[in-house]
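Okay, so here's the structure we're looking at.
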Amino acid sequence: MSAKHVEAIPESGTEMFIPLSKLKKSPKNARKTPHSEAAIEAYAASIAAKGILQNLVIEPELDGEGAATGFYFVTIGEGRRLAQLLRVKRKEIKKTEPIRCIIDTANDPHEISLDENVTRENMHPADQFKAFKKLAEERGFGAEEIAARFGVTPHVVRQRLRLGALSPKLMQVYRDGDLTLEQLMAFAITDDHVRQEGVYERLSYNRDASTIRRMLTETHVAATDRRARFVGMEAYTEAGGSILRDLFTEDRGGYLEDVALLDLLVTAKLGREADAVRAAEGWKWTEAQLDFPHAHGMRRTYPHQVELSAEDQAALTTVQTAFERLTEEHQGAEELADDVDARFGELEAEIDRLEAKRQAYDPDDVVRGGAFVILNHDGTFGLSAGSSARQTRSPRPKPRREAMRRRPTRAARQTAQRRRVMMEKKSFPRKRTTTDRYLTFSFGSSPHIAPWDCASI
C-alpha cells in the first residue's frame, strides 16, 4: 500500500501563485452578505484591464487529521476570486489561472477579514469625479473605454465626467459640505462656469435641486414644449441649434438653447402648412399664427352636416370593425405591447379623419373665406377655418366731424340771415310809422338796418 501524500504547509507570509481551481470561500470570512452582481462585474472589468492589483490572503485547508489538502480558503479577496470565476465562465481565462496570494496562518482569519472591510475610508466623490476627468483628458479615454475598464455603464462615466467639469469654486463648496451631491448634480446641467457661479450667488434660502435646475434653464425651451415638438429635435439640430441635456434626471429630451432659431423654424414650418392647406382645400387665404387671433374682427362661418360618400362610408366601416376586433383581442390586457398600441393609434387617427368628412363648408364660404393655421398644445398644427374673406374695402366715408367743419357755424348762419333781410328792406323800404324808426349804420361798405323801438329812446 502506498503512503498517503501529505501537502506541506507554507510558512506564513509566503507569496505564492495558486491555481484558481484550488481556491475556496472561507467559512471564517466576516462578510456574510454576498457581493452584488454589479460589484463582481466591476471587479472582473478592472482585473481584465489592469490585473489583480491587491493580493488575495489565504490559509491552507486542513483535513480532520490536520493535514493540508492542497486547497486554500480565501480570507481576504473573495470578491476578486468570484470575479475570476466569472471570467472563466466567459472563457476569458482558464480555471487553472494562477492567482497571486499571500499565506497568513499567524492572524485570526475572521479578524483580518473584518479589518479589511472596516479599517478603510472611501475616496471623496469629488476626488473620484476629478480622477475620471483626468483619465479622459490625459489618456484620451472615452466614456465607453473607461466604463469597460471599471465595470460600470458609459452613462455612469458620463455623469462623473460632467461632475468633474463643474466650476472649481462649486466643487470646493461641495468638499466643504455646503452643497449636497444632489445640488451639485443640478448645477451640472450646464458646463458654463459663469452661469453656475451666478446661479449659486443668487440662491436664497431655497436651495432645492429643482430650483437650481429651473434657474439654469429659465431662458431655454424644454423639449416637451409645443414648439420643439412641432419642429422636431432633428430639424432643430440640423439647423445649428444646441440642446442642453441633464444626465441626472429624466429630462425628457433636454432643453433647447437657441430660442430665436426655434421660433424661426416654427414660423417657417407653420407657413408651409398654411400654404398646403390653402392649396388642398381651396380657401381664398390662410394665415399662420402661433395662437388663434381672437381679436381678428372677422365674421365666422361654420360647416354643415353632409353625408359620406359610399367609398368613405365603406372605409369607415372597415376601420371601425378592425378597431372593435383589436379591442376584443386585448380587452383583458393590463399593458399593451408597443406594436399593438401603435396599431390602435393608427386606427383611431383614420377613424377621426373619415368622421371629419361629415362636416363641410359651403363652397361659396370657402371661395370668400380663409383659415388660420395655429400651433396646438401637443405640438401639432390645427386649423380654424371659416373666417370671412379678406378683401379690398371701399374707402371709408369721412368722419362726421370733418363734414361738420365745412358747415357754417350757427352765428354765421344768423349773420347771413340778417344780411338777407336787411338787403330786402333796402330795396323795398317799409312805410315809416310813429312807433317805428330805422337807424341806419354801416360796417365797411355794407349798410345794416336795425329796427329800433321809439319807446326806448
Pairs, please: C-beta under 8 Å, at least 6 apart or cross-chain, first residue within 13 Å of E346 (Cα to Cα) and in the range 323-334, second surrounded by 10 or more Cβ atoms within 10 Å (Cβ to Cβ)? F323/F344; F323/L347; F323/E348; F323/I351; L326/V340; L326/R343; L326/F344; L326/L347
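Yes/no per residue for (1) of a type in the set (D, E); (2) at pLDDT 95 or above; (3) part of a loop (DSSP other than H, G, I, E, B):
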position	(1), (2), (3)
E41	yes, no, no
S46	no, no, no
A49	no, no, no
L53	no, no, yes
G64	no, no, yes
G79	no, no, no
Here the residues within the range 330-385 that are polar (S, T, N, Q), outside any loop (DSSP other than H, G, I, E, B) and farther than 26 Å from D225 by Cβ are Q359
For M185: the one exception among (1) closer than 22 Å to A222 by Cα; (2) among the hydrophobic types (A, V, I, L, M, F, W, C); (3) free of Cβ contacts under 8 Å to residues at least 24 places away in the same chain: (3)
State whether one or more residues within the range 81-90 are part of a helix (DSSP H, G or I) and surrounded by fewer than 12 Cβ atoms within 10 Å (Cβ to Cβ). yes
When you go through (1) surrounded by 11 or more Cβ atoms within 10 Å (Cβ to Cβ); (2) out of contact with any Gly (no Cβ under 6 Å at 6 or more places or on another chain); (3) under 20 Å from A360 (Cβ atoms) one by one for P293, which number turns out not to apply? (3)
Collect the residues in the range 107-132 that are surrounded by 14 or more Cβ atoms within 10 Å (Cβ to Cβ), assigned to a helix (DSSP H, G or I) and either out of contact with any Gly (no Cβ under 7 Å at 6 or more places or on another chain) or among the aromatic types (F, W, Y) (or both), keeping them in residue-number order. P109, H110, I112, S113, L114, D115, E116, P125, A126, Q128, F129, F132
Is it the case that some residue within the range 3-13 is assigned to a strand (DSSP E or B) and either charged (D, E, K, R) or modelled with pLDDT of 90 or more (or both)? yes
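The values are calculated or read from the model by the stated rules, or taken from the named source; none is laboratory data. In this text the structure is predicted, and so the values were computed from the model without any measurement. Note that each Cβ is placed from the backbone with ideal geometry, even for glycine, and that neighbours are counted across all protein chains shown.
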